[in-house]
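The values are calculated or read from the model by the stated rules, or taken from the named source; none is laboratory data. Only a predicted model underlies this, so the values are computations on that prediction, with no experimental measurement involved. Every residue, glycine as well, gets a Cβ built from its backbone with ideal geometry; the counts of neighbours run over all protein chains shown.
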Amino acid sequence: MTELVEHGHLFIGGEWTEPLGTDTIRVVSPHTEQVIGSVPHASRADVDRAVAVARKAFDEGPWPRLSLDERIAVVTRIKDAIAVRHEELARSISSQNGSPYSWSVLAQALGAMMVYDSAIKVAADYPYEERRQGALGPILVRREPVGVVAAVIPWNVPQFVAAAKLAPALLTGSAVILKPSPEAPLDSYILADIAREAGLPEGVLSVLPADREVSEYLVGHPGVDKVAFTGSVAAGRRVMEVAARNLTRVTLELGGKSAAVILPDADPAATVAGIVPAAWMNNGQACVAQTRILAPRSRYEEYADAFAAAAGALVVGDPLDPATQLGPLVAQRQQQRSLDYIRIGQEEGAKILTGGGRPAGLERGWYVEPTLFGDVDNSMRIAREEIFGPVVCLIPYGDEEEALRVANDSEFGLSGSVWTADVEHGVDFARRVRTGTFNVNTFSLDMLGPFGGYKNSGLGREFGPEGLSEYLEHKMIHLPAGA
């Protein structure tokens with residue numbers, strides 16, 4: 001039985017502080033459907049406190065005025081502590097959101113550590129000042145920290161996404177208010193403890209678990225200079241709308257409906273082995289999941305059988321069991337959402353090749369079988385809308401131009417992949433797909449390069465120098481001739 005974890009304080013400006021409100025957030029296990037923890041629900045007054053101390057830390061405090069090497073030293077201590085406590089973080093996350101423990105170790109905890117490590121490398125080499133010859137004389141171009149950042153993160157990969165926002169913000173000298181999801185706030189307390197021990201100065205970091213209403217108040221706060229948000233398209237639109245009232249800068253990493261395109265010359269065994277973990281990763285609760293698999297009609301039945309067998313063989317069960325490959329969905333509403341889409345897919349005429357309901361023997365918990373639909377047309381809702389569950393579409397195509405049209409026929413543009421015996425041909429195909437990240441004969445996310453989406457998948461980039469730039473303002477200083 002999972003130990004009950006109860007927290008009575010909020011982390012505001014580096015100190016454990018009594019909340020000003022009385023509401024609490026109960027954290028429920030998606031495996032047992034039992035309460036496993038609770039945290040205070042931050043109020044608007046708590047947001048005001050956090051913004052005030054963040055403003056003071058940025059406007060008057062030492063953090064943005066330290067040398068880069070000094071900030072790197074603090075962020076390095078955060079990274080190293082995550083490595084030491086990665087199993088604790090992984091267990092906390094799996095208990096809250098149902099991620100398989102093995103995946104949580106690699107992607108949730110150690111993945112977050114890799115984000116910090118990559119950001120440190122980028123920050124160390126970044127050109128914060130450069131002299132140029134302007135049209136009217138010499139100029140100095142500076143990049144300066146953006147200020148107070150509201151980082152609003154989702155429940156599916158909380159530490160990874162927190163790192164994607166915290167690392168560049170801290171390294172460039174900003175202060176951060178981290179707003180975890182109410183479904184998965186417990187691991188953020190571990191992170192707060194790590195940050196405090198790492199020596200962040202007063203006011204630089206606050207952690208405020210809260211619901212949508214308080215999140216909106218934070219996003220619209222006039223003391224916030226930038227909002228970094230990861231979540232749904234609908235929520236991203238609302239964030240942009242609220243932030244626009246103050247002309248607050250935003251970066252939005254939103255949804256996806258990514259296509260894995262199998263060209264006729266691909267090796268079937270390697271292709272299936274590569275796509276299955278990318279399609280059903282994190283129980284299907286991943287924005288970059290390859291949820292549309294495009295297979296050539298000439299080999300469609302071969303791939304239908306192979307993917308159905310591979311998906312049907314995935315081990316479903318307790319997320320804390322190291323053998324589990326697919327755990328429960330984060331909440332009952334997410335389970336019902338997947339089951340509703342399975343019904344919709346059948347009504348639209350698609351054929352269930354495997355799965356389609358609750359797993360046998362798992363009557364408790366918010367489980368859905370790994371499900372594969374065949375005979376899917378790209379106009380169907382199951383092929384167009386982000387389900388965010390273990391439901392994947394297999395779409396037949398004729399020639400390569402049709403495959404390209406189908407891959408691009410989406411309101412999203414976040415990720416994708418192509419599988420082929422000819423890597424250079426795959427790269428040429430990748431160049432023609434309208435999506436922010438793409439893979440040839442693999443599936444990965446490199447934190448030294450830019451990550452983000454086209455179309456409804458978002459605005460701005462994370463990771464690499466492009467992601468660091470999102471946390472910097474650009475200033476031009478005109479110099480006298482001969483300077």
Regarding Leu353, is this residue in contact with a Phe, Trp or Tyr (Cβ under 8 Å, 6 or more places away or on another chain), within 26 Å of Pro154 (Cα to Cα) and surrounded by 19 or more Cβ atoms within 10 Å (Cβ to Cβ)? no
Output the residues belonging to segment 148-179 that are farther than 21 Å from Val74 by Cβ and in a loop (DSSP other than H, G, I, E, B). Pro154, Trp155, Asn156, Val157
Is it true that Leu353 is within 21 Å of Glu385 (Cβ to Cβ) and in contact with a Pro (Cβ under 7 Å, 6 or more places away or on another chain)? no
Taking segment 205-230 and the residues there that are small (Gly, Ala, Ser) and surrounded by fewer than 24 Cβ atoms within 10 Å (Cβ to Cβ), the one that is farthest from Lys455 (Cα to Cα) would be Gly223
Filter pass, Ala270 being part of a helix (DSSP H, G or I) and either surrounded by 24 or more Cβ atoms within 10 Å (Cβ to Cβ) or aliphatic (A, V, I, L, M) (or both): yes
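Residues are listed down the side, and each one gets a yes or a no for (1) under 29 Å from Val146 (Cβ atoms); (2) of a type in the set (Asp, Glu); (3) assigned by TED's automatic domain parsing to the domain that holds Val122; (4) surrounded by fewer than 19 Cβ atoms within 10 Å (Cβ to Cβ):
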{"residue": "Glu33", "(1), (2), (3), (4)": "no, yes, yes, yes"}
{"residue": "Gly37", "(1), (2), (3), (4)": "no, no, yes, no"}
{"residue": "Val53", "(1), (2), (3), (4)": "yes, no, yes, no"}
{"residue": "Ala57", "(1), (2), (3), (4)": "yes, no, yes, no"}
{"residue": "Leu66", "(1), (2), (3), (4)": "yes, no, yes, yes"}
{"residue": "Glu70", "(1), (2), (3), (4)": "yes, yes, yes, yes"}
{"residue": "Thr76", "(1), (2), (3), (4)": "yes, no, yes, yes"}
{"residue": "Ile82", "(1), (2), (3), (4)": "yes, no, yes, no"}
Mind checking which pairs have a first residue in segment 233-249 that is more than 16 Å from Val148 (Cβ to Cβ) and a second that is in a loop (DSSP other than H, G, I, E, B) and hydrophobic (A, V, I, L, M, F, W, C), Cβ under 7 Å, 6 or more apart or different chains? Val233/Leu254; Gly236/Leu254
Assess whether Asp46 counts as being charged (D, E, K, R), free of Cβ contacts under 8 Å to residues at least 24 places away in the same chain, farther than 14 Å from Ile190 by Cα and assigned by TED's automatic domain parsing to the domain that holds Ala198. no
Here is a list: Val433, Val440. Which entry is among the aliphatic types (A, V, I, L, M), more than 23 Å from Ala107 (Cβ to Cβ) and not assigned by TED's automatic domain parsing to the domain that holds Glu241? Val433
Within segment 285-305, how many residues are part of a helix (DSSP H, G or I) and surrounded by 19 or more Cβ atoms within 10 Å (Cβ to Cβ)? 2
Of (1) part of a loop (DSSP other than H, G, I, E, B); (2) touching a helix residue (DSSP H, G or I) at 6+ places or on another chain (Cβ under 6 Å); (3) of a type outside the set (A, V, I, L, M, F, W, C); (4) closer than 30 Å to Pro264 by Cβ, Glu386 satisfies all except one. Which? (2)
Suppose we filter segment 313-331 for residues that are free of Cβ contacts under 8 Å to residues at least 60 places away in the same chain and of a type outside the set (A, V, I, L, M, F, W, C); how many remain? 1
Just a yes or no: is a residue in segment 117-124 within 20 Å of the chain's Cα centre (by Cα), among the polar types (S, T, N, Q), surrounded by fewer than 24 Cβ atoms within 10 Å (Cβ to Cβ) and over 29 Å from Gly37 (Cα atoms)? yes
As an exercise: evaluate Val47 against (1) surrounded by 23 or more Cβ atoms within 10 Å (Cβ to Cβ); (2) more than 26 Å from the chain's Cα centre (by Cα) and give the number of the one condition it does not meet. (2)
In segment 166-209, what residues are under 18 Å from the mean Cα position of the chain (by Cα) and aliphatic (A, V, I, L, M)? Leu166, Ala167, Ala169, Val176, Ile177, Leu178, Ala184, Leu186, Leu191, Val207
